[in-house]
Amino acid sequence: MDIHEYQAKELLSGFGVPVPKGGVAYSAEQAVYRTTEIGGSRWVVKAQIHSGARGKAGGVRLCATDADVRQAAKDLLGKVLVTRQTGPEGLPVHRVLVEQALPIERELYVGLVLDRKHERIVVVAHPHGGMEIEEIAQREPAAILREVVEPAVGMRSFQARELAFGLGLGTQQVNEAMAAVLGAYRAFRDLDATMVEFNPLVVVEDGHVFALDVKMSFDDNAMFRRPNVAELRDYAQEDPREADAAEHGLNYVALDGDIGCIINGAGLAMATMDMIQHSGGEPANFLDIGGGASPDRVAAAFRLVLSDRNVKAILVNVFAGINRCDWVAEGVVQAIREVRVPVPLVVRLAGTNVDEGRRILQQSGLPILTAATLSEAAERVVAARNAGAAA
Ligand code: GDP
Ligand code: MN
């Protein structure tokens with residue numbers, strides 16, 4: 001789960017990370033009011049979306065007057081911002097962050113990630129911030145600094161100090177940079193994060209250090225015990241289909257192909273997607289409807305898969321272990337009567353009460369293609385898709 005920059009800054013500031021003075025605004029009026037709270041004479045208005053690279057997309061505006069702030073907020077709020085990271089559909093801007101503008105002297109990179117191979121939190125730093133870490137890794141891999149944290153003892157001050165000196169910081173700055181890195185580590189561990197990134201961490205003209213831009217992601221599986229983080233979730237920033245799926249207890253991931261998949265079990269779903277590809281097709285989605293697929297849930301699955309306009313054929317593949325094929329078949333028939341399915345449909349059932357399930361499908365009078373094995377099902381759905389594309 002991702003959160004907004006302003007939310008990450010609020011959380012991190014509670015862990016001692018130095019962040020610029022500022023606050024969120026939902027309207028141009030609120031944005032202007034923030035400038036009076038912040039004081040000073042120059043401000044930045046930043047679009048809050050779950051994406052980086054906003055600067056290059058016009059989502060970070062430097063302002064010298066109240067009128068500039070009002071205009072920047074007006075321009076950004078309600079717009080869809082397309083960045084290099086969002087894909088062509090972009091993300092909607094419903095909030096902006098208004099901050100004091102800082103006279104930046106240096107931009108650095110600091111990121112904490114969970115390194116799954118080493119099973120450790122690793123801190124990565126680089127003396128040139130502002131670029132994406134992938135770009136840094138490509139251009140100047142030798143200058144990347146790394147500290148691996150031993151989980152039993154946590155991050156030690158000397159590790160933070162080594163990073164700060166490695167970044168070429170002076171004595172006063174080292175202490176502030178250490179506060180930023182150690183605070184980020186404690187927040188990472190205490191809040192079940194999977195990533196904390198300062199890009200950039202900046203040194204300003206008077207020598208102070210600030211986390212100018214912050215990104216934070218969290219472990220979905222730990223959110224049950226972090227209600228104060230879980231409540232920061234912003235559904236407007238997520239694929240509406242994936243959010244809709246989560247609401248129905250379905251596990252859905254949108255993909256680029258055109259063969260819709262409705263399957264019970266994550267493993268079977270993966271195997272089915274492989275078989276579709278093996279037969280020359282491309283899956284439009286991953287969808288696990290789970291063990292006890294009620295007719296309601298099957299109908300929700302059909303609606304979800306069909307909300308993707310690219311879908312040219314659908315494959316339902318259910319192995320009934322806990323479930324019963326006759327019950328699933330009834331669900332499919334009921335779902336098709338409820339939801340208009342304008343594309344060819346292949347259903348493969350296996351497991352408990354399979355004969356009864358097939359009989360229900362046949363007697364429904366609906367144009368359902370059936371298959372006995374997974375490979376046959378994959379071939380049939382690809383053939384049906386190709387026949388539709390040819391016609
Ligand atoms: P991103 O493009 O989404 O990563 O947004 P950032 O918050 O990182 O801002 C992009 C760039 O805008 C930074 O790398 C800075 O160069 C510039 N910027 C942002 N805030 C300030 C500020 O307060 N003062 C100055 N001078 N530049 C800023
Ligand atoms: Mn940035």
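Numbers at a glance
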{"item": "Only listed residue being more than 17 Å from Asp213 (Cβ to Cβ), touching a Leu at 6+ places or on another chain (Cβ under 8 Å) and outside the structural domain of Ala8 (by TED's automatic domain parsing), chosen from Val32, Val80", "result": "Val80"}
{"item": "Residue that is nearest to Glu231 (Cα to Cα), among those in the range 167-207 that are within 16 Å of ligand 2 (Cβ to nearest atom) and assigned to a helix (DSSP H, G or I)", "result": "Ala184"}
{"item": "The range 272-304 - residue that is assigned to a loop (DSSP other than H, G, I, E, B) and in contact with a strand residue (DSSP E or B) (Cβ under 9 Å, 6 or more places away or on another chain) and, of those, surrounded by the most Cβ atoms within 10 Å (Cβ to Cβ)", "result": "Ile289"}
{"item": "Selected residue (only one of Met131, Met155 is within 16 Å of ligand 2 (Cβ to nearest atom), in contact with a strand residue (DSSP E or B) (Cβ under 8 Å, 6 or more places away or on another chain) and not in a strand (DSSP E or B))", "result": "Met131"}
{"item": "Condition met for Arg116 (more than 30 Å from Arg42 (Cα to Cα), assigned by TED's automatic domain parsing to the domain that holds Leu191 and not hydroxyl-bearing (Ser, Thr, Tyr))", "result": "yes"}
{"item": "Near pairs, Cβ below 9 angstrom, 6+ apart or cross-chain, from the range 202-226 (hydroxyl-bearing (Ser, Thr, Tyr)) to any residue that is modelled with pLDDT of 95 or more", "result": "Ser217/Asp2; Ser217/Ile3; Ser217/Ala193; Ser217/Thr194; Ser217/Met195; Ser217/Val196; Ser217/Glu197"}
{"item": "Extreme residue, farthest from the chain's Cα centre (by Cα), among residues of the range 30-49 that are within 13 Å of ligand 1 (Cβ to nearest atom) and not in a loop (DSSP other than H, G, I, E, B)", "result": "Ile38"}
{"item": "Residues (in a loop (DSSP other than H, G, I, E, B), in contact with a strand residue (DSSP E or B) (Cβ under 6 Å, 6 or more places away or on another chain) and away from ligand 2 (no atom under 16 Å from the Cβ)) located in the range 208-232", "result": "Asp219"}
{"item": "The range 50-100 - residue that is in a loop (DSSP other than H, G, I, E, B) and basic (Lys, Arg) and, of those, modelled with the lowest pLDDT", "result": "Arg84"}
{"item": "Members of the range 243-269 found to be at pLDDT below 85 and either surrounded by 17 or more Cβ atoms within 10 Å (Cβ to Cβ) or more than 17 Å from the chain's Cα centre (by Cα) (or both), listed by number", "result": "Asp244, Ala245, His248, Gly249"}
{"item": "Residue ID - farthest from ligand 2 (Cβ to nearest atom), chosen from residues in the range 101-119 that are in a loop (DSSP other than H, G, I, E, B) and either surrounded by fewer than 13 Cβ atoms within 10 Å (Cβ to Cβ) or without any contact (Cβ under 8 Å) to a residue 60 or more places away in the chain (or both)", "result": "Glu119"}
{"item": "Of all residues in the range 197-231 being small (Gly, Ala, Ser) and either closer than 16 Å to Gly183 by Cα or within 13 Å of ligand 1 (Cβ to nearest atom) (or both), the one that is nearest to the chain's Cα centre (by Cα)", "result": "Ser217"}
{"item": "Residue among Glu162, Glu140 that is farther than 24 Å from Thr35 by Cα, out of contact with any Gly (no Cβ under 9 Å at 6 or more places or on another chain), modelled with pLDDT of 95 or more and among the acidic types (Asp, Glu)", "result": "Glu162"}
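The values are calculated or read from the model by the stated rules, or taken from the named source; none is laboratory data. Keep in mind it's a predicted model, so treat the numbers as computed, not measured. Backbone-built Cβ (ideal geometry, glycine too); neighbour counts: all protein chains shown.
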